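To keep things clear, I will list the structure first and then write my remarks on it.
The values are calculated or read from the model by the stated rules, or taken from the named source; none is laboratory data. Being a predicted model, the structure only gives us computed values, none of them experimental. Using ideal geometry, Cβ is built from the backbone for each residue, glycine included, and neighbour counts are taken over all protein chains shown.
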Amino acid sequence: MATLSLSKQHPFLSGFESSSHVWCLHCERVWPKSKWIASNWYCPSDDCLGTPMDAIAWDGELLNDLNRPDRPPYPAPGFFWPLYPVFDEKRPLTF
Ligand SMILES: [Zn+2]
């Protein structure tokens, strides 16, 4: 069985070096990278089962490619940022 590293490096993914925050693909919340490191790269959200596989660099290529203007550079801990937001037709998002 593989042992996850407690170092700053993600155990098997790259691209986190320059990212101060990490987004969870499972619960769609974002936490400072230090929180992910402290929880051994499992999602820091108490009610989430997100694993290291769900860790996505907030400043990384994957989310950059979405080109979403509603992605704050320094989100509050636990900031909820759905990948597919529910759009309110009365308040259309302008991309
Ligand atoms: Zn999560």
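Taken across region 59-69, residues that are part of a helix (DSSP H, G or I), in contact (Cβ under 8 Å) with a residue 12 or more places away in the chain and buried (at least 16 other Cβ atoms within 10 Å of the Cβ) do occur, with at least one present. Whether a residue is outside any loop (DSSP other than H, G, I, E, B) and surrounded by 11 or more Cβ atoms within 10 Å (Cβ to Cβ) was assessed, and residue 40 does not pass this test. Within region 27-82, being farther than 19 Å from residue 15 by Cα and among the acidic types (Asp, Glu) holds for 46, 47, 70.
Of the residues making up region 5-34, those that are under 20 Å from residue 72 (Cβ atoms) and either away from the ligand (no atom under 11 Å from the Cβ) or without any contact (Cβ under 8 Å) to a residue 12 or more places away in the chain (or both) are 15, 16, 18, 19, 20, 21, 32, 33, 34.
Here is a yes/no grid of residues against (1) modelled with pLDDT of 95 or more; (2) surrounded by 14 or more Cβ atoms within 10 Å (Cβ to Cβ); (3) within 14 Å of the chain's Cα centre (by Cα):
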| position | (1), (2), (3) |
| --- | --- |
| 36 | yes, yes, yes |
| 75 | yes, yes, yes |
| 83 | no, no, yes |
| 88 | no, no, no |
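If residue 56 satisfies every condition in (1) exposed (fewer than 10 other Cβ atoms within 10 Å of the Cβ); (2) of a type in the set (Val, Ile, Thr); (3) at pLDDT 95 or above but one, which is the exception? The one condition residue 56 does not meet is (1).
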